[in-house]
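Let me begin by presenting the structure, written as structure tokens, before commenting on it.
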Amino acid sequence: MTLRKRYEVIMEHITVTDEMRRRILANIQSPASPRCGRPTVRKMLAAAACLVLILAGAALLPRSFTEETVIPPVQTTPELTECASAGELSGAVGFPVSDLPVLPFEATEVSYLSLWGELAQIQYLGAEEQAVFRKSAGTGDNSGDYNRYETAKEISVRGNTVTLKGNGGYCLAVWSDGTYAYSLSLSFELPAEQWSELVAAVR
Amino acid sequence: MELCLKQTAGFARTAGELWKALLRFAAKSVLPFSSGESREALNQRAEEILDRHGNNILRFAYSYLHNMSDAEEVLQDTLLQLLRKAPAFENSSHEKAWLLRVAANLCKNRISYNRIRRTDELDDTLAAEEQEDLSFVWEAVKSLPEQYREVIHLFYYEGYPAARIAEILGRNEATVRSHLHRGREKLREVLKEAYDFEETV
């Protein structure tokens with residue numbers, strides 16, 4: 001049997017059951033669904049903004065009736081933007097982002113991602129390993145890692161307190177320099193001493 | 001006097017048009033079903049899409065998230081996006097590609113913020129059925145990095161060519177081919193040539 005056939009058989013175990021179908025349709029069709037029913041606060045604010053514009057327009061129109069009214073197109077920032085380099089990523093998020101100068105494995109692939117124009121993420125892939133580095137403005141934990149770990153330890157690196165988490169060793173480091181928040185997660189664990197070297201090298 | 005009247009009329013027309021545009025915008029923002037469709041029509045559309053593409057979306061989401069609850073939520077959110085945005089499709093194939101693209105973005109958002117659960121029901125199901133070879137393949141695919149896994153799914157399960165996969169994932173075709181090649185290489189290492197990989201892309 002080919003890989004394709006086996007994969008198809010595996011996927012056939014995942015199906016929309018009758019119960020799931022009822023649940024999804026009930027959620028979509030309920031009056032509380034964001035698709036319908038009560039307008040959201042955002043929509044009410046939009047309507048209020050329209051009213052203000054109308055009133056302002058009524059006050060201004062006698063002076064501006066010779067001018068054309070141009071409504072600019074609405075632009076939205078893409079949620080996830082792939083970038084080609086750390087430099088491009090820096091431009092996307094508005095603050096400097098650099099590649100990690102030190103990695104505990106050889107990276108064969110690197111990807112750069114801007115999340116909502118606020119969070120810079122660099123992902124390094126090795127043969128079996130993975131590292132995800134994140135940087136954002138502020139001081140909070142930006143790792144997105146809400147797993148419970150058995151061990152946690154704080155170390156000091158270049159005057160900053162770094163929190164290490166793991167199960168025995170450590171696979172996650174979170175810290176801030178007071179201006180930016182950083183996190184580095186690995187797909188494997190390292191001792192605290194090696195983490196000191198990794199974090200110290202981050203700029 | 002005449003000039004004044006003409007300018008006043010022009011001003012009144014402009015003001016009237018502006019007024020109507022703003023009222024339409026306000027109505028669209030506040031009133032439900034402003035696309036003109038009744039609630040019943042939208043509900044029916046949701047059912048049709050769920051019946052037509054539900055399994056495909058659910059399976060694609062599962063290939064990212066490895067959890068039925070998370071995959072179900074992505075399926076639901078994908079349907080909601082469709083009902084909200086109501087894009088026009090040329091055909092069913094175009095519709096499905098759009099849905100898969102939305103589902104992919106929703107899955108990646110979850111993964112990026114680590115809003116995923118850890119239970120993989122498929123692992124348990126295959127183990128319960130004593131389907132060791134299928135478990136082996138599933139574990140091998142699961143272990144792939146996300147970029148390889150998604151193209152492997154779209155190629156092997158949905159049967160899309162690289163160009164179509166590139167459109168769905170918003171990448172260039174060369175990148176998709178590269179990820180497909182690397183994904184297969186990694187699977188080959190794990191599966192040890194046990195299966196025919198069907199090399200044609």
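Select, from B:Ala41, B:Ala46, B:Ala71, the only residue that is modelled with pLDDT under 90, closer than 20 Å to A:Arg22 by Cα and open to solvent by less than 20 Å² (accessible area, probe 1.4 Å). Only one candidate passes the filter, namely B:Ala46.
Filtering region B:169-190 to residues that are under 19 Å from the mean Cα position of the chain (by Cα) and either without any contact (Cβ under 8 Å) to a residue 24 or more places away in the chain or not in a helix (DSSP H, G or I) (or both) leaves B:Gly170, B:Arg171, B:Asn172, B:Glu173.
Within region A:155-170, is even one residue at pLDDT 90 or above, out of contact with any Phe, Trp or Tyr (no Cβ under 9 Å at 6 or more places or on another chain), surrounded by fewer than 20 Cβ atoms within 10 Å (Cβ to Cβ) and part of a strand (DSSP E or B)? Yes - at least one qualifying residue is present in region A:155-170. What pairs can you find where one residue is in region A:191-203 and without any contact (Cβ under 8 Å) to a residue 40 or more places away in the chain and part of a helix (DSSP H, G or I), the other is β-branched (Val, Ile, Thr) and surrounded by 12 or more Cβ atoms within 10 Å (Cβ to Cβ), and their Cβ atoms are less than 8 Å apart, with a gap of 6+ or different chains? So the pair list comes out as A:Ala192/A:Ile155. Checking B:Arg84, B:Arg52 one by one, the residue that is in a helix (DSSP H, G or I), among the basic types (Lys, Arg) and facing another protein chain (nearest Cβ under 10 Å) is B:Arg84 and no other.
Of all residues in region A:2-32, how many are over 30 Å from B:Ala41 (Cβ atoms) and more than 7 Å from chain B (Cβ to nearest Cβ)?
Going through region A:2-32 one residue at a time, the tally reaches 2.
The values are calculated or read from the model by the stated rules, or taken from the named source; none is laboratory data. None of these values were measured; they are calculated from a predicted model. Neighbour counts are summed over all protein chains in view; Cβ atoms, including those assigned to glycine, are modelled from backbone coordinates with ideal geometry. When the accessible area is computed, the model is the full protein with side chains, heavy atoms only, and any ligands, DNA or RNA have been set aside. Shrake-Rupley method; radii C 1.70, N 1.55, O 1.52, S 1.80 Å.
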